[in-house]
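Have a look at the structure below before the remarks.
The values are calculated or read from the model by the stated rules, or taken from the named source; none is laboratory data. Predicted model, so just to flag it, every value in this text is computed and none were measured. Cβ sites come from the backbone with ideal geometry, for glycine too, and all protein chains shown count toward neighbours. Please note that ligands, DNA and RNA were not included when accessible areas were found on the heavy atoms of the full protein model with its side chains. Shrake-Rupley method; radii C 1.70, N 1.55, O 1.52, S 1.80 Å.
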Amino acid sequence: MLLAGESWVARTTDVKGFDAIDRAQLEIGAEALLAALRGAGHDVVHLPSHLVATDFPASLDELGEYDVVILSDIGANSLLLHPQVFNQGRRFPNRLKLLAEWVRGGGGLAMAGGYLSFQGFQGKANFHDTPIEEVLPVEILPYDDRVESPEGVFGELTGTEHPVTAGLDQQWPVLLGYQKLTAKPDATVLATVDSRPLLAVRSEGAGRTLAFASDISPHWAPAEFLEWDGYRRLFDQAVTWLAGDR
């Protein structure tokens with residue numbers, strides 16, 4: 001499977017009296033998910049955010065090397081604006097359309113929440129009204145869709161039996177925020193938060209899609225969630241279901 005996103009470059013200025021020192025550091029937010037999936041036996045390729053524009057698959061053949069793709073905290077621009085387009089003004093495949101076509105042909109696609117997921121912080125993720133929204137199990141707002149919950153909120157199963165949530169606790173550990181999403185009529189909502197969809201799944205053509213409205217890493221996912229026994233089970237079962245018979 002391919003995990004795209006979940007990394008960032010943090011730029012900091014340390015001011016020490018008269019002098020200031022600029023520094024930058026690559027930070028990876030996917031450690032917990034990568035450990036959970038690899039520990040469960042999945043073969044995971046992590047494509048960090050700064051490489052998505054150049055290295056994300058650009059053909060159905062390249063996407064066909066994967067059973068499952070997860071987009072997490074990576075905006076639509078990184079998939080749309082290859083340097084060949086942005087820097088050189090030359091045509092390049094639309095990878096949002098390719099992903100949707102790949103799903104309909106049998107691929108498994110998931111999106112996890114975050115500041116650059118769904119519509120995201122100030123609308124910058126910008127997946128509303130795209131081919132990705134067409135195949136996901138949820139409708140995406142056209143503006144900033146975050147619900148910040150510093151007091152903590154708790155996911156809860158809906159009671160619908162499904163392989164993705166088999167064996168999980170009825171109430172989940174605390175989360176600190178999520179995306180405000182609306183389930184499509186033909187989606188199956190497996191868990192809610194504040195009566196809104198937290199986890200939803202859907203079949204699209206020969207493929208399957210999943211939306212998880214909160215984070216797979218800090219800051220919306222605190223230690224209580226990441227260290228929960230159900231965290232590994234949830235995403236192991238999610239990837240297994242998304243892969244289907246492939």
With springs only between Cα atoms under 10 Å, which of 217, 78, 59 fluctuates most in a Gaussian network model of the chain? 59
Radius ratio Rg over Rh of the range 118-246, counting only Cα atoms, Kirkwood formula for Rh: 0.94
Viscosity 1.306 mPa s, temperature 10 °C: what is the translational diffusion coefficient of the range 47-140 from Stokes-Einstein with a Kirkwood Rh over Cα pairs, rounded to a whole number of µm²/s? 118 µm²/s
With a 1.4 Å probe and every protein chain left in place, work out the accessible area per residue of the range 51-98 in Å², rounded to a whole number. 51 Å²
Within the range 70-105, what residues put their amide N at less than 12 Å from the label point 7 Å along the Cα-to-Cβ vector of residue 129? none
Would you calculate, for the chain, the mean residue ellipticity at 222 nm contributed by helices, counting each DSSP H stretch of 4 or more residues as -39,500 (n - 2.57) and dividing by all residues, to the nearest 500? -6500 deg cm²/dmol
Label model pair residue 143, residue 77: point-to-point distance (7 angstrom along the Cα→beta-carbon line) in nm is 2.0 nm
With label points set 7 Å from each Cα along the Cα-to-Cβ direction at residue 50 and residue 87, the distance between them in nm comes to 1.4 nm
Determine the equivalent ellipsoid of the range 179-237 by diagonalising the alpha-carbon gyration tensor, then write out the semi-axes as square roots of 5 times the eigenvalues, largest first, rounded to whole Å. 22, 14, 9
Give me the base-10 log of I(q)/I(0) for the chain at each q in 0.08, 0.09, 0.15 Å⁻¹, Debye formula, one uniform scatterer per Cα, rounded to two decimals. -0.29, -0.37, -1.02
Once you've got the GNM for the chain with C-alpha springs shorter than 10 Å, pick whichever of 159, 114, 75 has the biggest mean-square fluctuation. 159
Ignoring ligands, DNA and RNA, what percent of the accessible area of the range 3-111 is carbon or sulfur (1.4 Å)? 50 percent
If the cut-off is a Cα-Cα distance under 25 Å, which lysines reach residue 180, setting aside same-chain residues fewer than 8 apart in sequence? 97, 124
Excluding the sites themselves, what is the longest stretch of the chain that contains no chymotrypsin sites (Phe, Trp or Tyr not before Pro) in a DSSP loop with at most 15 other C-beta atoms within 10 Å? 19-142
